[in-house]
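The values are calculated or read from the model by the stated rules, or taken from the named source; none is laboratory data. Small disclaimer: the values here were computed from a predicted structure and weren't measured. With ideal geometry, Cβ positions are generated from the backbone for all residues, glycine too; neighbour counts draw on all protein chains shown. Protein only, heavy atoms only, side chains kept; ligands, DNA and RNA dropped before computing areas. Shrake-Rupley method; radii C 1.70, N 1.55, O 1.52, S 1.80 Å.
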Amino acid sequence: MIAVAARIAGAELRRALGRSVLSALTLSALMFLTLTLAGLADTLDRGSTGVLRTLDADLVIFNQEARQQLLRSRIPRPMTIGLPFVDGVHSVGTIGLVPTSARMPAGDVRVTLVGFSARTPAEPTRVVEGRLPVDGEPRIAALDVSLKAQGVRLGDTIVLGGDREVEVVGFVEDARFLQQPTVWVPPDVWALVRARVAPEAGYAEQLVGAGVVRVFPGADPGEVAAAIEAELDGVEVVTLEDAITSIPGVDVQRGTFTVLVAVSIAVVSFVVGLLSVLEVTERRRQLAILRAVGAPRRVVRGALIARSMLLWAVALVGGSVATWLLARVAPDAAPLGLRWPVLAVVGGGLLVATVIGTAVALGRVSRIDPATAMQVGQA
Amino acid sequence: MRLGLRELVRSPGRFAPVGAAVTLLVILVLVFAGVGSRHVDDLNGAVARSSADVLVLSTGAQGSIQASRVSAEDVHAVARVAGVGAAAPVGEVRVGGIVDDTLRDVSLWGVVPGGPGTPELVEGRAPRALGEAVVDVADRALGFDLGARVEIADTGHTVQVVGLTEGRRFASIPTVTVTYPQWEAVVDAIFADADDVEPTMIAVDAGPGVPVEQVVAAIGMLDRDLVANAAPQLAAGLPGVAGVRASFAVATIVGLLAVSAVVGLFFLLITALRQDTLTMLRAVGVPARSLTAALVTQVVTIVLGAALVGGVVVAVAAAVAPPRLPLEMSPRLLATVTAAALAVAVVATVGAVRRLRAIDPAEALVGGA
């Protein structure tokens, strides 16, 4: 039955090739729109949150006054020393952020300087070239790989905050913060640069930004967070995901783009419904003949569904290719990319939209009376 | 033209679906443009609409206000530059603001009353003393309104709202402007262990008749780590602004492309469906240009209808949208989007028009063959 329906759908598409191509192109344009929106949302989100997503951590410790803001958080490093003795805590690290500039071969660029404790959950996990600095190395840094566009290579020396020279020993990827590339340095280098670019914060090597904690496998992060808050005064402990959501703009951006992607998927559903209804209206007589010669209703409906599925598949490929090409030619300022997980999720959403759109026409197919085929001159 | 309009009226079922699809797409394009514009305003409105002609940041900040620190000596040096009418320190810091028992992130700005950078108000008066503040009308829904008291968390300071600004937010969070001494006191309370509180930047007014470019260039000649920018230029270059602007521009262009695809496909299909009727009309003497005019009239009517309905829907949505979904709607935005949608839709009907003009009236004599 399914094979017959698929054969009918394939034959219809082949015999009205021009129209099929047009329908596929239109749906491709709509899927291109949906995938572009999803790609923009995903890339913007990743560009804002990479600095936390790159960590192999479960919890983040802020001082209460920071209200979960990485740039504002300040906790004394000694505070974290006793944490490994808290039930469920596997390991602890510290991380601090400060916006500053870096002098590269191609000129000065805005960066976020990240001070982190090596060999702890505060280390970035996606090292693509070279290595990470270790604590105690005085003039060493790892850079976000996007900074290679500034002409910087392994072994080069760059200047941080106007006066601190560091040697580049590695590159990390997908570790940006608020759309800015990050530079990862040991905590003492970070403290020195921060003292220069944010003098009101003063120089305090033992005052770091936030603590990051990995819990033992099987431990409940919520319970461990509560245990840490009970142990330390004046801190707020949240899950890594909550800390990511608290990054400025992330929540608003996610909400806005989710609505936009949902509306564009609804438009796809609507247009699929429109195309299907037009198809059924135009072929009413042929469908009636098909029913009159004994084709079960399921075959006729199946042919319509198969046709929509084929259009969905072709349009998804077309939309994906168009989005991929746009990402190649779009200006650097427009952060557009298309990852497989995004394609899978949005493609699934578009499939559901296609099914819903087709369902509108299925009702019309069901109402086709085989006796219509006997009516001479009526289409 | 009347032919096209009559068909629209007599066959609403045929055109309603494409009208609805185009309306949804126009709504999407309006939302892209509206959200993008509002996002940019929320990010940089306080800078873009600064009353100062020029804003001066530290060189190392690379155009990031958060990263900029200047000194009191810098302010004096800039004030002495030829062509500068007045110069004053401006402070910006992110703090916690408590209104109606709700704690929110707030961008706290400090300006010298009456000096460069003093915000223009739409209601109330400017802050003159400690304990007074102005806020933006966009944050009224959050409780930041005339008479409201804003407690600056963990500092012991509370300010009362005495005036309202418009379109003057920063970093997409409620923006509170106080006097510079008040700002210094707040920062001093937050960083109690710090020696000095330094201004974030310097606001500059050009002297009477002095071009802004001349002031920017003159400040650039100072032997200090300072960078001067006209306020609009600085606003456009703030971190994140270019990305948001470009992202929504890309989405808007792709949305218009989708409008073009839907309109183009529909009218090509409709022309194919009506082939026999159109051939008959040509055979009885209706010129091809009349049929073309009818088709274009239908396209224009559908797009204008979609723009009208879309405009109303987005305007209502903008009025009721929660603060976390910033949306803006203006007649200018609607006009721009309508014009763009009309242009791409009319261009998209080229295929249908070509098919229509290719109809041979003689085919009517062999109809059905």
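Tabulated values for the structure
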item: Residue within the range A:270-285 that is more than 13 Å from chain B (Cβ to nearest Cβ) and in contact with a Leu (Cβ under 7 Å, 6 or more places away or on another chain) present; result: no
item: Leading residue by the ranking (farthest from the chain's Cα centre (by Cα)) among those in the range B:143-152 that are charged (D, E, K, R) and surrounded by 15 or more Cβ atoms within 10 Å (Cβ to Cβ); result: B:E151
item: Hey, B:V241 more than 30 Å from B:S11 (Cβ to Cβ) and within 10 Å of chain A (Cβ to nearest Cβ) or not; result: yes
item: Residue under evaluation B:L265, criteria (1) under 25 Å from B:A339 (Cβ atoms); (2) more than 7 Å from every other protein chain (Cβ to nearest Cβ); (3) open to solvent by less than 20 Å² (accessible area, probe 1.4 Å), criterion not met; result: (2)
item: Enumeration of residues in the range A:100-132 that are crowded, with 23+ Cβ neighbours inside 10 Å and either outside the structural domain of A:Q150 (by TED's automatic domain parsing) or not hydroxyl-bearing (S, T, Y) (or both); result: A:A102, A:V111, A:L113, A:V114, A:G115, A:F116, A:P121, A:A122, A:E123, A:P124
item: Residue check, B:V244 aliphatic (A, V, I, L, M) and crowded, with 20+ Cβ neighbours inside 10 Å; result: yes
item: Conditions (1) part of a helix (DSSP H, G or I); (2) touching a Gly at 6+ places or on another chain (Cβ under 6 Å); number of the one not met by B:L327; result: (1)
item: Selected residue (only one of A:V183, A:V152, A:V166 is closer than 30 Å to A:L232 by Cβ and either surrounded by 19 or more Cβ atoms within 10 Å (Cβ to Cβ) or aromatic (F, W, Y) (or both)); result: A:V183
item: Single residue of A:A102, A:A38 found to be at pLDDT 85 or above and in contact with an Asp or Glu (Cβ under 8 Å, 6 or more places away or on another chain); result: A:A102
item: Residues (open to solvent by less than 20 Å² (accessible area, probe 1.4 Å), of a type outside the set (F, W, Y) and closer than 29 Å to B:V212 by Cβ) located in the range B:93-114; result: B:S107, B:L108, B:G110, B:V111
item: Residue count for the range B:1-60, restricted to those that are of a type in the set (F, W, Y) and closer than 17 Å to B:V244 by Cα; result: 1
item: Residue that is assigned by TED's automatic domain parsing to the domain that holds B:D53 and modelled with pLDDT of 95 or more, where the choices are B:V187, B:V178, B:V197; result: B:V178
item: Contacts under 9 angstrom Cβ, first residue in the range B:11-25 being in the same structural domain as B:I302 (by TED's automatic domain parsing), partner open to solvent by less than 50 Å² (accessible area, probe 1.4 Å) and among the polar types (S, T, N, Q), 6 or more apart; result: B:F15/B:Q298; B:L24/A:S264; B:L25/A:S264
item: Flag if B:R140 is more than 14 Å from every other protein chain (Cβ to nearest Cβ), among the basic types (K, R), open to solvent by 20 Å² or more (accessible area, probe 1.4 Å) and not in a loop (DSSP other than H, G, I, E, B); result: yes
item: Residue satisfying condition, being surrounded by fewer than 16 Cβ atoms within 10 Å (Cβ to Cβ) and either out of contact with any strand residue (DSSP E or B) (no Cβ under 6 Å at 6 or more places or on another chain) or within 14 Å of chain B (Cβ to nearest Cβ) (or both), within set A:G319, A:G363, A:G357, A:G349; result: A:G363
item: Hits in the range B:60-93 (condition: in a helix (DSSP H, G or I) and away from chain A (no Cβ under 14 Å)); result: B:V75, B:H76, B:A77, B:V78, B:A79
item: Flag if B:L57 is within 25 Å of the chain's Cα centre (by Cα), within 13 Å of chain A (Cβ to nearest Cβ), modelled with pLDDT of 85 or more and in a helix (DSSP H, G or I); result: no
item: Test: A:L113 is of a type outside the set (V, I, T), closer than 30 Å to B:D154 by Cβ, within 9 Å of chain B (Cβ to nearest Cβ) and touching a strand residue (DSSP E or B) at 6+ places or on another chain (Cβ under 6 Å); result: no
item: Any helices (runs of 4 or more DSSP H) falling wholly within the range B:164-244 and containing at least 1 residues that are in contact (Cβ under 8 Å) with a residue 24 or more places away in the chain, under 22 Å from the mean Cα position of the chain (by Cα) and closer than 23 Å to B:G45 by Cα; result: B:231-236
item: Residue satisfying all of: in the range A:167-196; among the polar types (S, T, N, Q) and within 11 Å of chain B (Cβ to nearest Cβ); nearest to A:T100 (Cα to Cα) among these; result: A:Q180
item: Every residue from the range A:51-97 that is within 14 Å of chain B (Cβ to nearest Cβ), on the phi > 0 side of the Ramachandran plot and either touching a helix residue (DSSP H, G or I) at 6+ places or on another chain (Cβ under 9 Å) or at pLDDT 85 or above (or both); result: A:Q68
item: Unmet requirement for A:L33, which otherwise passes all of (1) touching a residue at least 60 places away in the same chain (Cβ under 8 Å); (2) open to solvent by 10 Å² or more (accessible area, probe 1.4 Å); result: (2)
item: Residue that is modelled with the lowest pLDDT, among those in the range A:242-253 that are farther than 14 Å from A:D42 by Cα and within 11 Å of chain B (Cβ to nearest Cβ); result: A:P248
item: Residue check for A:T256: open to solvent by 20 Å² or more (accessible area, probe 1.4 Å) and either within 12 Å of chain B (Cβ to nearest Cβ) or under 37 Å from the mean Cα position of the chain (by Cα) (or both); result: no
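Here is a yes/no grid of residues against (1) more than 9 Å from chain B (Cβ to nearest Cβ); (2) crowded, with 19+ Cβ neighbours inside 10 Å; (3) within 20 Å of the chain's Cα centre (by Cα); (4) more than 17 Å from A:V321 (Cα to Cα):
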| residue | (1), (2), (3), (4) |
| --- | --- |
| A:A9 | yes, yes, no, yes |
| A:R15 | yes, no, no, yes |
| A:V21 | yes, no, no, no |
| A:S48 | no, yes, yes, yes |
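Conditions tested, residue by residue: (1) in contact (Cβ under 8 Å) with a residue 12 or more places away in the chain; (2) assigned to a loop (DSSP other than H, G, I, E, B).
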residue	(1), (2)
B:D276	yes, no
B:G285	no, yes
B:S290	yes, no
B:L295	yes, no
B:T301	yes, no
B:V316	no, no
B:T338	yes, no
B:A341	yes, no
